[in-house]
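What follows is a short report on a single structure.
Just so you know, all these numbers are worked out from the coordinates, no wet-lab data involved. Since this is a predicted model, take the numbers as computed values, not measurements. Don't worry about glycine lacking a Cβ; one is built from the backbone with ideal geometry, like all the others, and counts go over all protein chains shown.
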Amino acid sequence: MKLLVATQNPGKVREFRLLLAQLEAAICFPSDLGLNIDVPEDGDTYADNAGQKALAYARASGLLTLADDSGLEVDALDGAPGVHSARYTPGHDADRVAALLAHLKDVPPDQRTARFRCVVVVASPDGEAHSAEGVCEGRIASEPAGQGGFGYDPVFFLPEYGCTMAQLSQEEKNRTSHRARAIAAALPKLCVLLAGGKFG
Ligand code: ITT
């Protein structure tokens, strides 16, 4: 059986490869199939966006497809950037991190609580879709630290580790992250669908 993981984000690709390694399925990505669909990410919720991505790629490929939509929710910013995390400011990850730190410059450490949220949707070409969610709690640091991960990882401080998400190894991030938790929650359904052998 094949499972298509519908993401164009290289950081997510690295994580999904390890997170899904235990599955009895060949994991492939859109680039492996020469697929590049422009799916609008204009939904109001992570589940809407992940569902649109997963369904569009499942229909285009004929394969069981997994997609995630994720974001960073900062309490002092009323939950922003949230579903808009990828488009918080134009430019690259470092520009978005800089914008976030600028918006929080007068916010003291105890009020910098935040969480990463990830919703994973598994969809089949016939339109069946199942979702699962994972959350990881932390705080926004005052400056970036670490070279690992991607996105907002350099400023996402994990009190239980005493460092940022970007200072964890990939294996450590995959033990605690929002994406790891969402995959763990989706796994039972995913295994049933793969065992059904209906697609791919
Ligand atoms: P795909 O839609 O192709 O999967 P994307 O980067 O557009 O890639 P999202 O729409 O889910 O993905 O955007 C999520 C954004 O939230 C992402 O670009 C990061 O800025 C941030 N983000 C999500 N998960 C993260 C993580 O594990 N570490 C750091 N930042 C993360």
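Check the chain and count each lysine pair with an alpha-carbon distance under 19 angstrom, considering only pairs eight or more places apart or from different chains. Numbers along the way, then the final one.
Values: LYS2/LYS12; LYS2/LYS53; LYS2/LYS189; LYS2/LYS198; LYS12/LYS53; LYS12/LYS173; LYS53/LYS189; LYS189/LYS198.
Lysine pair count for the chain: 8.
Sort largest first and round to whole Å: the equivalent ellipsoid semi-axes of segment 1-72, each the square root of five times a Cα gyration tensor eigenvalue. Write out the running numbers ahead of the final one.
On the way: eigenvalues 72, 43, 24 Å².
Taking √(5λ) for each eigenvalue gives 19, 15, 11 Å, largest first.
Only Cα pairs under 8 Å and at least 6 apart count here; give the relative contact order of the chain as a rounded whole percent.
Numbers: 392 pairs, mean separation 41.7, N = 200.
Value for the chain: 21 percent.
Starting from 0.36 nm per residue, how many nanometres of slack lie between ASP32 and GLN111 once their C-alpha separation is accounted for?
Numbers: separation 79, 0.36 × 79 = 28.44 nm, distance 4.35 nm.
Answer, rounded to one decimal: 24.1 nm.
Rounded to whole Å, give me the distance from the Cα center of segment 1-64 to that of segment 95-142.
Comparing the Cα centres of segment 1-64 and segment 95-142, I get a distance of 19 Å.
ASP48 versus GLU171, label points 7 Å from Cα toward the beta carbon: distance in nm?
So the label points at ASP48 and GLU171 sit 4.1 nm apart.
Give me the percent of DSSP beta bridges within the chain that run antiparallel, rounded to the nearest 5. Could you put the intermediate results ahead of the total?
Numbers: 26 of 32 bridges.
For the chain, the DSSP antiparallel bridge percentage is about 80.
Kindly list the residues of segment 63-102 that lie in the label zone of ASP126, defined by a backbone N under 13 Å from the point 7 Å along the Cα-to-C-beta vector.
From segment 63-102, the list is 64.
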